[in-house]
Amino acid sequence: MNNQAITSATADGKMATINKKFRTTGMTTGALSGLTYGIYTVLVLVAGYYKPLAGAAGVLAGPYVCSGLNDLFAGIWLTAYNAKSGRLREMGRSLNTFPGKMIVIGSILGGPIANGAYLVGLALAGAYAIPISALCSLFGAIFAWIFLKQKITKRVMVGMLVCVGGAIIINWAKPEGSDNFTLGIIFSFVAAICWALEGVFSTYGGAMIDTDVAVNLRQLISGFVDLFIILPIVGGVAGMGLLGGTLLAGIPAIWLAIAGLSAAVSFLCWYKSNSTVGCAVGMSLNVTYAFWGVFFCILFLGQAVTPQIIIGSVVIVLGAIVVTMNPLDLFRKGV
């Protein structure tokens, strides 16, 4: 009897150790996903400072070249990673399944539409676009209520109102010299909505497909659609010329390749976090990219520091955390 009690206590201790390790891994990768996406944001902006991207004609061509090359480079990095891990055959097999098709739909929503809109928002509204895009967790809760019949609790409602309050603060006064500021904010809202929709599709597909494969497919599909379908439509011959010029210029392409690596790490860490501590906690940690993106823009790119952007960014991040989880869960054991 005593031996059974000792064995049971030992098993419980080992399980507690495993749970603690999983939690630590999930919290670490979730935080890293937010940090690396903030870095990605700054790297893409840096690439846009170089010719021929700098001063490129049109509102859409430059951002879609950046978005497409970034996602394509991210897909190449991930393909190399999956090749080393022996998962390349899974990519073709996954595309032929229904969950794989859900990943494709999510890829188009989250890549060409959302990421393209995000970069247009950054080009027109600067760092102000970053926290607005973090409203994706707010829209995610709304879409989960509409499509997945998940009830919106009082806590989620409070978080949603906090997010809206942060968006109002950021848009309270237009920065001087930003003629297209409002348009940039609108594009950022489009990004938030489409990233939320991507979550609905990718959650279903990602639950049945290896997450490393799913993220790889997402980035490759997004890059190809951006560069070879959307760019010719929005930029025409000039847009394709901008793509060729960017690759030949070398320096902006290198910055975008590094940005692609950062984006690839961010997505892999986010999916890893979701699988270990749950989607709610993982998303809460991921949306901290809004803080990191603004912080790095201020630190490295000379973004003006105003109470408007600082307070609005913090409010939106806090609201996003409340929407996706009970903040007290971060401090509870065994969650």
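The values are calculated or read from the model by the stated rules, or taken from the named source; none is laboratory data. The structure presented is a predicted model; accordingly, all values stated were derived computationally and were not measured. Ideal geometry is used to build each Cβ from the backbone, glycine not excepted, and the neighbour counts take in all protein chains shown.
Details
- Scanning the stretch 88-107 for residues that are in contact with a Gly (Cβ under 8 Å, 6 or more places away or on another chain) and closer than 13 Å to residue 222 by Cα gives 103, 106.
- If the condition is being crowded, with 24+ Cβ neighbours inside 10 Å, farther than 13 Å from residue 293 by Cα and among the β-branched types (Val, Ile, Thr), then the stretch 116-142 contributes only 120.
- Close contacts from the stretch 126-145, counting a first residue that is within 24 Å of residue 173 (Cβ to Cβ) and at pLDDT 85 or above and a second that is assigned to a helix (DSSP H, G or I) and among the aromatic types (Phe, Trp, Tyr), with Cβ to Cβ under 6 Å and a gap of 6+ residues or different chains, come to 133/118.
- Matching entry among 74, 83, 54 (being surrounded by fewer than 17 Cβ atoms within 10 Å (Cβ to Cβ) and assigned to a helix (DSSP H, G or I)): 83
- Flag if residue 112 is in a helix (DSSP H, G or I) and surrounded by fewer than 22 Cβ atoms within 10 Å (Cβ to Cβ): no
- Single residue of 321, 309, 316 found to be closer than 16 Å to residue 27 by Cα and assigned to a helix (DSSP H, G or I): 321
- Here residue 92 meets the list (1) part of a helix (DSSP H, G or I); (2) modelled with pLDDT of 90 or more; (3) of a type outside the set (D, E, K, R); (4) over 20 Å from the mean Cα position of the chain (by Cα) almost entirely, failing just condition (2).
- Test: residue in the stretch 38-50 that is outside any helix (DSSP H, G or I) and touching a Gly at 6+ places or on another chain (Cβ under 7 Å): yes
- Residue 282 being free of Cβ contacts under 8 Å to residues at least 60 places away in the same chain, over 19 Å from residue 119 (Cβ atoms) and small (Gly, Ala, Ser): no
- Note on the stretch 143-157: residues that are assigned to a helix (DSSP H, G or I) and surrounded by fewer than 13 Cβ atoms within 10 Å (Cβ to Cβ) total 3.
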